[in-house]
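Q: First the structure, which I've put down as structure tokens, then a few questions once you've had a look.
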Amino acid sequence: MGSGQLPPGQKLAKGWPVSHYGPVPKFRPERWTLQVFGATASGEKYSWTFDEVAALPCTTIVTDMHCASGPSTTGHEFYGVPARAVLEQAPPAPEVTHVMAWAEYGYSANLRLADFASDRTLLAMHHDGEPLTVEHGFPLRLVVPHLYGYKGPKWLRAIEYMTADRRGFWEERGYHNIADPWKEQRHSYQEDDSA
């Protein structure tokens, strides 16, 4: 649930501002798939159409969202597939420690496996009872409520299981590798050896 409190350094924003890097992709359902690849337990690659993703077990969460640049928005209701359902359908190998979430145009965000496996991490299809708008990530966006927004890419296309960490798009450009808003982990210079 949304806590009603904002992490340090955040300011409440009005509405739900649109923020992303690059153009908004066009959804082509006949060509769209969600893939899981990398260090899967079976060694196989998994692939689902949008209808197959929508048929997976779904749930609703209510959460606040925090941007590393300072704005926060509260009380978002998201509906979609829990990340844990993906892990059950496409199990990772035992040595997997991280995942890379891949989105359109090669955008990526790395996560610790434990962050992806959180019972609140969601592959969201709906927001406040309506399908996501294209500007907010339709048809599928990753929502990782306990981390800054750059860890939850819009226009999600694939999950890569990794046996070692590798930085994603913003992490390669100076953003914090963990991204906990309650610890103000915004920039890579703040990282210590344990991160």
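None of the figures in this text is laboratory data; all of them are computed from the coordinates on show. All values derive from a computational prediction rather than experimental measurement. Note that we place each Cβ from the backbone using ideal geometry, even for glycine, and neighbour counts take in every protein chain shown.
Q: Under 18 Å from a point 7 Å along the Cα-to-Cβ line of Ala93: which residues of segment 149-172 have their amide N that close?
A: 159-166
Q: Here's something else I'd like to know. Report the far tail of the P(r) of segment 1-102, meaning the percent of Cα-Cα pairs longer than 19 Å.
A: The answer is 61 percent, as a whole percent.
Q: Return P(r) of the chain (all Cα-Cα pairs; 5 Å bins starting at 0; whole %; ordered from short to long distances).
A: 1, 8, 17, 21, 22, 17, 10, 4, 1, 0
Q: Please arrange His136, His66 by counting, for each residue, the other beta carbons lying within 10 Å of its beta carbon, fewest first.
A: Ascending Cβ contact count within 10 Å gives the list His136, His66.
Q: Under the 0.36 nm per residue contour assumption, what length would be gained going from the current alpha-carbon distance of Thr33 and His146 to full extension?
A: 38.0 nm
Q: Nearest 500 deg cm²/dmol is fine: what mean residue ellipticity at 222 nm does the chain get from its DSSP H runs of n ≥ 4 alone, each adding -39,500 (n - 2.57), divided by its residue count? Please list the in-between numbers first.
A: Details: 3 runs with 16 residues, N = 195.
Value at 222 nm, helices only: -1500 deg cm²/dmol.
Q: Calculated FRET efficiency, Thr163 and Lys14, Cβ-Cβ r, R0 30 Å, to nearest 0.05? Can you show the working numbers first?
A: Numbers: r = 43 Å, r/R0 = 1.43.
With a Förster radius of 30 Å, E is 0.10.
Q: Taking the number of other C-beta atoms within 10 Å as the exposure measure, put Thr73, Thr163 in order starting with the fewest.
A: Fewest to most other Cβ atoms nearby, the residues stand as Thr163, Thr73.
Q: Further question on the same structure: Skipping prolines and chain starts, which residues have an amide H placed within reach, meaning under 5 Å, of the one on Gly38, given they are 5 or more residues away or on another chain?
A: Amide H to amide H, under 5 Å and 5 or more residues apart or across chains, Gly38 pairs with Tyr161.
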